[in-house]
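> If you scroll down you'll find the structure; I have some questions about it.
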Amino acid sequence: MTPAPPTNKTADHGLMLMHSEDLLNWSRASSLWPLTFGLACCAIEMMQSMASSYDLERFGIFPRPSPRQADIMIISGTVTYKMADRIKRLYEQMAEPRYVISMGSCSNCGGPYWQHGYHVVKGVDKIIAVDVYVPGCPPRPEALIDGFLKLQEKIRAEKPLTGDGQPTLINPADNPFDQ
Amino acid sequence: MTFSDITALLQDQFSFAVNTTNTQPYLLVQPADLVPICQFLRDDERLFFDQLACLTAIDNGPESDTMDVFYNFTSIPYEHDLMLRVMIPRQTTSGDLPVLPTLSHLWRTADWHEREAFDLVGIRFENHPDMRRILLPTDWEGHPLRTDYVEPTYYHGILNK
């Protein structure tokens, strides 16, 4: 015996009450579109995170080819001084609100290049503001996913309309370019 | 062809020192003889070194005041290989970079290898078609794989530590 087809769509004439900030936060946290680029071996893990086994798209995360369409920048690997200028420019081209995940030891603090890496920026937070640091060398896809979940928690706690908390703005006192 | 066969073939025409105590034997060549020997290595039908497999530049430091460049050649059809070593003074009287003749007209591989040696160790290759940095930014100062290289404190306003 086959069930009768539904006669009404259940959500018709539905009403939902919520704060507009919660709506904004929900939409921001649910569609974190990263800028497509990778820097080193961490990028391999990032690509794997986006592929079918780990499938970042189930969190609403899928890469965009233009900084104009991107919400988040994953610094996936070693930031060389040569690349630093490019990264900073790409970051500046992204529309706000914009977020940064620093992925792996190199991007967090210079990693294995801390002492003798004449060509490596000792942490990408010297050039752009970082929201979440993911440890590892390189971090497994699970760790990167955890970084995204942490970022979503952070976004849900933001007050985009009432003005509290602007975590992506760099503190002028910490900005080496202004000194 | 073995190393001694190759050495015997070269001995009639060129002067060089032979080192067989090293794990991989090599020929120590004077900078002025480098291009003629390499031309012969490439063009002679018995040798047929059609590939420059590697070029390595080494800074021996201010105490010894020398630099080494090692060339590794391979003949793909004959499956034999040869290593050449060239030693040059580290400091020139004019204060310019030490100079070696380029091999880029013999093997295209040498083009980028020599640019890398110039970029990181600071050896200028004469008659190279495009002698500029290959890895580091164009405004970089110094040659980082030199033993007396001092890391910059700032690069474009970014603190290095």
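> Please go through region B:92-105 and give me each residue that is surrounded by 15 or more Cβ atoms within 10 Å (Cβ to Cβ) and not in a loop (DSSP other than H, G, I, E, B), ordered by number.
Those that are surrounded by 15 or more Cβ atoms within 10 Å (Cβ to Cβ) and not in a loop (DSSP other than H, G, I, E, B): B:L100, B:P101.
> Another question about this same structure. Quick check on this structure: which one of B:T21, B:T56 is of a type in the set (S, T, Y) and not in a loop (DSSP other than H, G, I, E, B)?
Criteria check complete, one pass: B:T56.
> Residue under question is A:E57, and the condition is that it be assigned to a helix (DSSP H, G or I) and either modelled with pLDDT of 95 or more or charged (D, E, K, R) (or both); does it hold?
So A:E57 fits the description; yes.
> Here's something else I'd like to know. Determine which member of the set A:P135, A:P139 is at pLDDT 90 or above, surrounded by 21 or more Cβ atoms within 10 Å (Cβ to Cβ) and not polar (S, T, N, Q).
A:P139
> Is it true that A:D85 is within 14 Å of chain B (Cβ to nearest Cβ) and not β-branched (V, I, T)?
The answer is yes for A:D85.
> Also, I was wondering about something else. Can you name the residue in region A:108-132 that is closer than 18 Å to A:K154 by Cβ and within 14 Å of chain B (Cβ to nearest Cβ) and, of all such residues, is surrounded by the most Cβ atoms within 10 Å (Cβ to Cβ)?
Of everything passing the filter in region A:108-132, A:V124 is surrounded by the most Cβ atoms within 10 Å (Cβ to Cβ).
> I've got another one for you. Given the conditions (1) touching a residue at least 60 places away in the same chain (Cβ under 8 Å); (2) surrounded by fewer than 20 Cβ atoms within 10 Å (Cβ to Cβ); (3) not aliphatic (A, V, I, L, M), which single one is not true for B:P89?
(1)
> In addition: Say we look at region B:106-161 and pick out the residues that are surrounded by fewer than 17 Cβ atoms within 10 Å (Cβ to Cβ) and in a strand (DSSP E or B); which of these is nearest to the other protein chains (Cβ to nearest Cβ)?
Filtering region B:106-161 for residues that are surrounded by fewer than 17 Cβ atoms within 10 Å (Cβ to Cβ) and in a strand (DSSP E or B), the one nearest to the other protein chains (Cβ to nearest Cβ) comes out as B:L159.
> Also, quick follow-up: Being touching an Asp or Glu at 6+ places or on another chain (Cβ under 7 Å) and closer than 25 Å to B:V121 by Cα is true for just one of B:N72, B:N19. Which residue is that?
B:N72
> Please give the number of the condition B:L52 fails out of (1) in contact with a strand residue (DSSP E or B) (Cβ under 8 Å, 6 or more places away or on another chain); (2) exposed (fewer than 15 other Cβ atoms within 10 Å of the Cβ).
Here B:L52 meets the rest and fails (2).
> Another question, then. Scan region B:57-84 residue by residue and report those that are without any contact (Cβ under 8 Å) to a residue 24 or more places away in the chain and closer than 19 Å to B:T102 by Cα.
Scanning region B:57-84 gives B:D68, B:N72.
> Kindly indicate whether any position in region A:63-77 is small (G, A, S), at negative phi, within 14 Å of chain B (Cβ to nearest Cβ) and surrounded by 15 or more Cβ atoms within 10 Å (Cβ to Cβ).
no
> Under 7 Å between Cβ atoms, at least 6 apart or on separate chains: pull out the pairs that start in region A:39-57 with a residue that is over 18 Å from A:I75 (Cα atoms) and end on any residue that is hydrophobic (A, V, I, L, M, F, W, C).
Correct list of pairs: A:Y54/A:I145.
> Would you confirm, using the coordinates I've provided, whether B:Y78 is more than 12 Å from the chain's Cα centre (by Cα) and more than 14 Å from every other protein chain (Cβ to nearest Cβ)?
For B:Y78, the condition - more than 12 Å from the chain's Cα centre (by Cα) and more than 14 Å from every other protein chain (Cβ to nearest Cβ) - is met.
> Then there's this: For residues that are in contact with a strand residue (DSSP E or B) (Cβ under 6 Å, 6 or more places away or on another chain) and part of a helix (DSSP H, G or I), scanning just region A:96-143, find the one that is farthest from A:A43 (Cα to Cα).
Only one residue fits best here, namely A:K126.
The values are calculated or read from the model by the stated rules, or taken from the named source; none is laboratory data. Nothing here was measured: the structure is a model prediction, and the numbers come from that model. Positions of Cβ are backbone-derived with ideal geometry, glycine not excepted, and every protein chain shown enters the neighbour counts.
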